[in-house]
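> Below is a structure I'd like to ask you about.
The values are calculated or read from the model by the stated rules, or taken from the named source; none is laboratory data. Just so it is clear, the model here is predicted, and its values are computed rather than measured. Reconstructed Cβ throughout: ideal geometry from the backbone, glycine too, with neighbour counts over all protein chains shown.
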Amino acid sequence: MKKSEPERLSDAELDARWRERQADMTASAHAAAVGRKPQPFRGMDRSGMPPRADLGRAERRAWLGVVPRKSAWPELDQLDQRVAELQHRHAEAQERVRTLTEQRANAPTVDADAIARWELNHRKGPKPKPTAETLDAEIVDAERDRDGLETAIDLALEEKAAYIEKHRARLVNVAEQQTEEAHQRMRALIDDSRTCARR
């Protein structure tokens, strides 16, 4: 009898999928709590699709963001390095938004527990302050950083595309020259191996 997908997954895989689902539910709950529509598409989120314009930008970003292992052109290396740094910072910003959103969803429980401990301790010390408003402000700031980095990535990739378009003829010539040199080296190696085989 064929096993269902959950039966084929390991405990670690099931746990990872459960955590992903909880994060999605937490984000949706927070969005509803602050009066925003939940975003159906967060980075690599598979629970929904982005608006068509966002999907187009994401696809273009993916194509232009492909970095070869080694480039023959220092200018392209610099552009690729710049894009890679922006993408790294964007991933960090996205993770910060996710963490803050999760904390915000748990804020009412955390705040109630803090008040309960304060009351049980005979109200000693200052009354614990609520964290929800602070977290809301931090989320807005984190989302602004994330969105700004996303725009910066798009602009850097467009700069790369413009450079490639402007220097296309030279880049093609260099690529053809490198291909020819590689073929010549291969032919030389083949000739050497044949010479050795005859001895």
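> State whether one or more residues within the range 131-139 are closer than 30 Å to residue 82 by Cα and either of a type in the set (A, V, I, L, M) or at pLDDT below 95 (or both).
From the range 131-139, those closer than 30 Å to residue 82 by Cα are 137-139; that's our starting set.
Now drop any that are not either of a type in the set (A, V, I, L, M) or at pLDDT below 95 (or both), which leaves 137, 139.
There is at least one residue in the range 131-139 that is closer than 30 Å to residue 82 by Cα and either of a type in the set (A, V, I, L, M) or at pLDDT below 95 (or both).
> With respect to residue 165, determine if the residue is on the phi < 0 side of the Ramachandran plot and surrounded by fewer than 10 Cβ atoms within 10 Å (Cβ to Cβ).
On the way: on the phi < 0 side of the Ramachandran plot: yes; surrounded by fewer than 10 Cβ atoms within 10 Å (Cβ to Cβ): yes.
Taking the combined requirement at face value, the residue satisfies it.
> Looking at 148, 125, which is the one that is part of a helix (DSSP H, G or I) and either on the phi > 0 side of the Ramachandran plot or modelled with pLDDT of 90 or more (or both)? Can you show your working first?
Details: 125 fails: part of a helix (DSSP H, G or I).
Answer to the check: 148.
> Taking interchain pairs and intrachain pairs at least six residues apart, which have beta carbon atoms under 6 angstrom, with the first residue in the range 96-123 and of a type in the set (A, V, I, L, M) and the second crowded, with 17+ Cβ neighbours inside 10 Å and not in a helix (DSSP H, G or I)?
Note: pairs meeting the criteria are 107/131.
A quick yes/no check of all residues on (1) closer than 26 Å to residue 75 by Cβ; (2) out of contact with any Cys (no Cβ under 9 Å at 6 or more places or on another chain); (3) surrounded by 13 or more Cβ atoms within 10 Å (Cβ to Cβ):
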{"residue": "127", "(1), (2), (3)": "no, yes, no"}
{"residue": "132", "(1), (2), (3)": "no, yes, yes"}
{"residue": "142", "(1), (2), (3)": "no, yes, yes"}
{"residue": "160", "(1), (2), (3)": "yes, yes, yes"}
{"residue": "182", "(1), (2), (3)": "yes, yes, no"}
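> Mind counting the residues in the range 126-158 that are out of contact with any helix residue (DSSP H, G or I) (no Cβ under 7 Å at 6 or more places or on another chain) and farther than 30 Å from residue 92 by Cα?
At the first step, the residues of the range 126-158 found to be out of contact with any helix residue (DSSP H, G or I) (no Cβ under 7 Å at 6 or more places or on another chain) are 126, 129, 133-134, 137, 140-141, 144, 147-148, 151, 155, 158.
From what is left, the residues that are farther than 30 Å from residue 92 by Cα are 126.
Final tally of qualifying residues: 1.
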